[in-house]
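Contents: one structure, followed by commentary.
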Amino acid sequence: MQAQAGRLRRNSFLTARAVDRTRILDTLVNNLEGMVYRCLDDEHWTMVFVSQGSTGLCGYAPAEIVDNAFISWENITHPEDRARIREQIRRAAREGQRFAVQYRIQTADGETRWVLERGITVPDEEGRVVIEGFIEDVTPRQATLDALAHSELRYRHIFEYASEGIFQTTREGRYLAANPALARLYGYTTPEELMADLSDIESRLYVDPERRRRFRHLMAMHGEVINFESEVRRRDGSCIWISENAHTVRGPQGEFICYEGTVQDISERKRNDEHLRLLATVFSNSNEAIIVTDAENRIVATNQAFTKLTGYRQEEVLGQNPRILSAGITPPEVYREMWADLEQNGAWQGELWDRRRDGEAYPKWLSISMVRDSAGQVQNYIGNFIDISEMKASEEQIRHLAHHDTLTNLPNRFSLNEKLAQAVGLCQRTGMSLALMLIDLDRFKAINDTLGHHVGDELLIQVAKRLSATVRTSDIVARLGGDEFVVVLPDGADATDAAHVADKIVRAISAPYLINGQEQRTSPSIGICLYPDDATEIGDLLKNADVAMYHAKAMGRGNFQFFTEGMNAATTRRLSLESELRSGLEREQFVLHYQPQLDLRSGRLVGVEALIRWNHPSRGLIPPAEFIPVAEEAGIIDAIGDWVLQEACRQLGAWREAGLDPLRMSINLSTGQFLDKTLPARIAELLEVHGLHAGLLDLEVTESVSMASPNETIEVMRALTGSGLSLSIDDFGTGYSSLAYLKLFPIRTLKIDRSFVKDIETDPSDADICDVTVLLAHRLGLEVVAEGVETEAQLKFLRSIGCEKIQGYLISPPVPAAQIESLVRRHPPIEAGGSVILWQAA
Ligand SMILES: Nc1nc2c(ncn2[C@@H]2O[C@@H]3COP(=O)(O)O[C@H]4[C@@H](O)[C@H](n5cnc6c(=O)[nH]c(N)nc65)O[C@@H]4COP(=O)(O)O[C@H]3[C@H]2O)c(=O)[nH]1
């Protein structure tokens with residue numbers, strides 16, 4: 001090594017001498033900060049030459065390390081770096097390249113230093129492979145680089161691990177950098193994926209591209225955006241809300257470099273905001289008034305409904321205790337209960353009375369809840385309430401409906417019982433009397449059935465008004481249902497007072513009614529029961545009045561009757577009669593008697609009227625007047641009527657079989673039968689069964705039934721006469737007939753009621769009535785049958801006025817069928833102007 005160094009020096013000297021370069025180089029080499037060297041490519045990196053700088057570099061003088069296997073460069077090199085360095089240098093040598101390696105050395109005094117070695121593998125003067133180069137101390141630079149690297153690392157950490165998204169973009173919206181948080185935010189696995197995919201932020205990211213334009217505008221204007229909120233689309237298409245803080249990054253000359261900023265997912269906050277906004281909307285738009293108070297129960301918020309309901313604006317009540325709203329009506333115990341419930345359950349509901357700003361008191365339904373914070377401390381009370389005055393009013397209305405009859409607005413049965421109980425109670429305490437009247441409308445069922453419910457209803461309304469107008473306001477007027485009314489005279493009324501009022505009622509209710517432009521009539525049957533003489537219990541009062549009312553009906557309707565003990569017996573009789581009637585029908589206890597009709601023109605018996613009798617097992621033959629009204633009331637009249645039709649047809653058939661000259665059969669129809677739509681078919685069936693032609697039948701309908709609803713009557717009559725049978729109006733003159741309608745009825749006969757016939761000889765007005773009836777009938781093309789003719793004089797008179805037929809005891813009372821046969825056979829026709837006495841003589 002020394003020989004080598006000597007050679008080098010010698011060579012340098014020779015060269016310097018030529019141009020004095022050696023000295024210059026020497027100076028340069030030895031004054032360089034660092035070490036110039038030539039070493040062998042051996043395991044020690046044996047130094048052949050080192051410059052003076054070795055001392056400064058590693059603490060060893062050149063003499064110490066040149067050609068020294070102990071203080072070799074391999075040993076000076078940090079053990080951890082040795083292999084790497086050797087590898088790098090060898091590789092460069094193989095490739096014929098220069099190398100530059102950085103590594104650590106350990107100096108003579110044990111210090112570790114960073115050095116940078118640059119060199120090249122070359123052949124020396126003797127052709128050996130040597131390495132020549134320069135090693136400099138880069139420890140300070142490395143320290144700076146390390147510091148920089150640390151700093152960079154720190155920032156990178158912030159960038160990599162930040163929970164906020166961080167980005168750098170171009171102005172055009174291309175990502176220059178993005179951190180993992182941003183990638184996650186936008187639904188990407190890595191920032192690289194994000195940057196590769198999200199090439200156009202404006203159209204790809206922002207739901208509303210206008211936001212990006214706004215972003216750029218703000219950047220251009222202010223160089224930054226703060227809390228810039230936008231809705232963006234994630235990779236999977238879902239949308240989130242973000243808030244961006246960003247600024248423009250510029251170079252030293254102010255040139256634009258990029259946009260840089262952070263992104264935060266604010267979807268949750270947005271949802272909360274939205275939720276809060278919604279709650280605020282609910283609060284302000286709620287129809288319920290809301291008050292929020294603090295822990296000390298001072299009002300902190302109210303809504304619009306509160307102002308609307310109470311009249312107070314929020315500013316007027318803020319800070320006040322809600323008790324300022326109180327009307328002072330609610331009992332204090334309600335408030336005590338409220339606070340106790342709030343304390344115990346955190347909530348309360350109930351009714352309180354408040355006063356509006358204008359002073360009006362109103363009931364409200366209040367629900368309060370207590371709000372506690374996480375520590376369990378009371379924070380607020382929230383009260384919401386509604387004005388329930390209308391609800392209470394409708395409750396009152398419902399109560400009214402429960403107590404009143406909806407049609408007439410009169411107290412109903414339920415209410416009557418209450419009022420009656422009060423009135424009876426008062427009478428018991430004061431010893432006063434009272435009168436109870438049960439009123440039933442006559443013929444109401446017929447009106448309702450024939451004219452329809454609307455007419456029936458209207459009639460009931462008008463009757464209710466008349467009743468109320470007839471009695472004092474202190475009297476009770478109630479409707480029990482149907483056509484039954486009750487009037488109670490509570491203030492010590494006796495029989496005289498009751499009779500007086502009942503009389504007024506009869507007159508008021510009997511006056512005609514105008515319904516749908518038509519006159520209608522009804523009358524009341526009134527039963528009166530007195531407290532305490534007739535009964536002391538409410539049930540008995542009503543029952544006895546009912547008994548008396550039935551009696552009034554039996555007495556011809558349109559009158560009033562006081563209850564008597566005897567009536568009870570009559571009622572009992574009536575009830576047992578009803579059940580007997582039913583079994584009588586089943587056991588075929590009814591029979592028909594026939595009353596012949598004489599044609600005054602031919603002197604012949606031309607027809608019979610079928611009249612029912614009840615062959616009672618113990619009471620014998622009972623006339624129809626005794627059981628027909630009961631059958632009507634009991635609803636068995638239709639069944640009886642059908643039996644009559646059957647029997648009458650059967651009898652006609654039997655007479656025909658017996659070879660008797662054909663007789664026309666008159667049959668009385670009940671109201672129900674007359675209105676029964678199946679009647680024409682039923683008659684047709686019976687006629688066929690018995691081989692009869694319809695011309696043999698004559699159906700009698702009373703004047704009152706036919707006139708109850710003339711339009712309907714016309715239809716029913718048309719249906720009946722369509723098959724060829726004929727119709728008669730019975731009891732003509734006892735009701736109210738409209739001549740206009742009479743003209744339209746498809747009838748054949750008018751039957752003058754026997755009450756007019758009875759006194760023809762003595763009462764000129766009855767004679768006139770008969771006369772006019774015959775005249776009228778003829779004008780209308782009808783024939784007349786006079787009923788109840790008992791005398792020759794009556795016959796003569798009737799014949800003189802042109803009456804066609806007569807019927808009555810003069811000819812014959814109603815008799816069993818067998819007698820009719822012999823009557824017809826025995827009696828020759830009476831000659832014109834002849835007398836029936838002839839027959840009696842015969
Ligand atoms: N004082 C007197 N009376 C006479 C005379 N000639 C006949 N009479 C009676 O007058 C009534 C005539 O029948 P009406 O007017 O149809 O009156 C009938 C009729 O409205 C009803 N009726 C009878 N049978 C039936 C029936 O089968 N069905 C229906 N729905 N009602 C019937 O019963 C009412 C009474 O019938 P009856 O008791 O049989 O009474 C019969 C008859 O016996 C007389 O010269 N003097």
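Out of Glu74, Glu33, Glu43, report the one residue that is in contact with a strand residue (DSSP E or B) (Cβ under 9 Å, 6 or more places away or on another chain) and not in a strand (DSSP E or B). Explain how you work it out, then say what you get.
Values: Glu74 fails: in contact with a strand residue (DSSP E or B) (Cβ under 9 Å, 6 or more places away or on another chain); Glu43 fails: in contact with a strand residue (DSSP E or B) (Cβ under 9 Å, 6 or more places away or on another chain).
When all the criteria are applied, what remains is Glu33.
Restricted to segment 472-487, and to residues there that are out of contact with any helix residue (DSSP H, G or I) (no Cβ under 6 Å at 6 or more places or on another chain) and farther than 13 Å from Leu416 by Cα, the residue that is surrounded by the fewest Cβ atoms within 10 Å (Cβ to Cβ) is Thr473.
All of Arg650, Arg601 fail the test of being over 20 Å from Ala817 (Cα atoms) and among the basic types (Lys, Arg), apart from Arg601.
Identify, please: which residue in segment 488-505 is touching a strand residue (DSSP E or B) at 6+ places or on another chain (Cβ under 9 Å) and of a type in the set (Val, Ile, Thr) and is, among those, surrounded by the most Cβ atoms within 10 Å (Cβ to Cβ)?
Here the residue is Val488.
With the structure loaded, tell me whether Ala143 is surrounded by fewer than 17 Cβ atoms within 10 Å (Cβ to Cβ) and either modelled with pLDDT of 95 or more or in a strand (DSSP E or B) (or both) or whether it fails that test. Walk me through it before giving the result.
Numbers: surrounded by fewer than 17 Cβ atoms within 10 Å (Cβ to Cβ): yes; either modelled with pLDDT of 95 or more or in a strand (DSSP E or B) (or both): no.
Taking the combined requirement at face value, the residue does not satisfy it.
Of the residues making up segment 725-740, those that are at pLDDT 85 or above and either within 20 Å of Ser755 (Cβ to Cβ) or part of a helix (DSSP H, G or I) (or both) are Ser728, Ile729, Asp730, Asp731, Phe732.
In the set Ser666, Ser670, only one residue is at pLDDT 95 or above and near the ligand (Cβ under 10 Å from one of its atoms); that residue is Ser666.
Specify the residue that is nearest to Val815 (Cα to Cα); the eligible residues are those in segment 578-593 that are in contact (Cβ under 8 Å) with a residue 60 or more places away in the chain and near the ligand (Cβ under 10 Å from one of its atoms). Quick ask: steps written out before the conclusion?
From segment 578-593, those in contact (Cβ under 8 Å) with a residue 60 or more places away in the chain are 591-593; that's our starting set.
Next, from what is left, pick out any that are near the ligand (Cβ under 10 Å from one of its atoms): 592-593.
Values: Leu592: 8, His593: 5 Å.
Residue satisfying both the conditions and the ranking: His593.
Candidates are the residues of segment 689-707 that are in contact with a Ser or Thr (Cβ under 9 Å, 6 or more places away or on another chain) and of a type in the set (Gly, Ala, Ser); the one that is surrounded by the fewest Cβ atoms within 10 Å (Cβ to Cβ) is Gly695. Residues in segment 699-716 that are of a type in the set (Val, Ile, Thr) and more than 12 Å from the ligand (Cβ to nearest atom): Thr713, Ile714, Val716. For segment 416-445, a tally of residues being of a type outside the set (A, V, I, L, M, F, W, C) and part of a helix (DSSP H, G or I) returns 9. Residues in segment 607-643 that are crowded, with 20+ Cβ neighbours inside 10 Å and among the aliphatic types (A, V, I, L, M) were compared, and the one that is nearest to the ligand (Cβ to nearest atom) is Ile612. Only residues that are in contact with a strand residue (DSSP E or B) (Cβ under 7 Å, 6 or more places away or on another chain) and among the aliphatic types (A, V, I, L, M): list them for segment 692-747, please. Once the filter is applied, which keeps residues that are in contact with a strand residue (DSSP E or B) (Cβ under 7 Å, 6 or more places away or on another chain) and among the aliphatic types (A, V, I, L, M), segment 692-747 yields Leu696, Leu697, Leu699, Val701, Met717, Leu720, Leu725, Leu727, Ile729, Ile747.
Between Glu192, Glu172, Glu202, Glu231, the distinction of being touching a Gly at 6+ places or on another chain (Cβ under 7 Å) and either in contact (Cβ under 8 Å) with a residue 40 or more places away in the chain or surrounded by fewer than 19 Cβ atoms within 10 Å (Cβ to Cβ) (or both) belongs to Glu202 only. Is it the case, given these coordinates, that Leu696 is within 16 Å of the ligand (Cβ to nearest atom) and in the same structural domain as Ile769 (by TED's automatic domain parsing)? Judged against the criteria, Leu696 is not a match.
Per-residue answers, yes or no, for (1) within 13 Å of Glu224 (Cα to Cα); (2) at pLDDT 90 or above; (3) buried (at least 17 other Cβ atoms within 10 Å of the Cβ):
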| residue | (1), (2), (3) |
| --- | --- |
| Arg250 | yes, yes, no |
| Glu255 | no, yes, no |
| Val263 | no, yes, yes |
| Leu279 | no, no, no |
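Matching residues to (1) assigned to a helix (DSSP H, G or I); (2) within 15 Å of the ligand (Cβ to nearest atom); (3) not aliphatic (A, V, I, L, M):
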position	(1), (2), (3)
Arg718	yes, no, yes
Ser723	no, no, yes
Lys751	no, yes, yes
Glu761	no, yes, yes
Glu790	no, yes, yes
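Give segment 365-390 a look and list any residue that's surrounded by 16 or more Cβ atoms within 10 Å (Cβ to Cβ), more than 12 Å from Gly346 (Cβ to Cβ) and in contact (Cβ under 8 Å) with a residue 60 or more places away in the chain, or say none. Answer for segment 365-390, where residues must be surrounded by 16 or more Cβ atoms within 10 Å (Cβ to Cβ), more than 12 Å from Gly346 (Cβ to Cβ) and in contact (Cβ under 8 Å) with a residue 60 or more places away in the chain: Gly383, Asn384, Phe385, Ile386, Asp387.
Scan segment 171-191 for residues that are over 15 Å from Ile240 (Cα atoms) and either among the small types (Gly, Ala, Ser) or in a helix (DSSP H, G or I) (or both) and jot them down. Outline the logic, then answer.
Restricting attention to segment 171-191, the residues satisfying the condition of being over 15 Å from Ile240 (Cα atoms) are 171-180, 189-191.
Within segment 171-191, Gly173, Ala177, Ala178, Pro180, Pro191 meet the criteria.
Which of (1) buried (at least 23 other Cβ atoms within 10 Å of the Cβ); (2) acidic (Asp, Glu); (3) away from the ligand (no atom under 12 Å from the Cβ) does Asp730 not meet, given it meets every other one? All conditions are met except number (3).
For segment 633-646, give me the residue count where each residue is modelled with pLDDT of 85 or more and among the charged types (D, E, K, R). Working first, answer last.
Start the filter on segment 633-646 by keeping residues that are modelled with pLDDT of 85 or more, which leaves 636-646.
Okay, now just the ones that are also among the charged types (D, E, K, R), so 638, 642.
Of the residues in segment 633-646, 2 are modelled with pLDDT of 85 or more and among the charged types (D, E, K, R).
On inspection, Leu686 passes the criterion of being surrounded by fewer than 22 Cβ atoms within 10 Å (Cβ to Cβ), within 16 Å of the ligand (Cβ to nearest atom) and not in a loop (DSSP other than H, G, I, E, B).
Residue-wise test of (1) outside any strand (DSSP E or B); (2) surrounded by fewer than 19 Cβ atoms within 10 Å (Cβ to Cβ).
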position: Glu80; (1), (2): yes, yes
position: Glu87; (1), (2): yes, yes
position: Arg91; (1), (2): yes, yes
position: Ala108; (1), (2): yes, yes
position: Ile120; (1), (2): no, yes
position: Val130; (1), (2): no, no
position: Ile135; (1), (2): no, no
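Out of segment 158-169, which residues are free of Cβ contacts under 8 Å to residues at least 40 places away in the same chain and either of a type in the set (A, V, I, L, M) or under 16 Å from Arg212 (Cβ atoms) (or both)? Within segment 158-169, Ile158 is the sole residue that qualifies.
The values are calculated or read from the model by the stated rules, or taken from the named source; none is laboratory data. Quantities reported herein were computed from a predicted structural model and do not represent experimental measurements. Quick reminder, even Gly has a Cβ in these numbers, built from the backbone with ideal geometry, and neighbours come from all protein chains shown.
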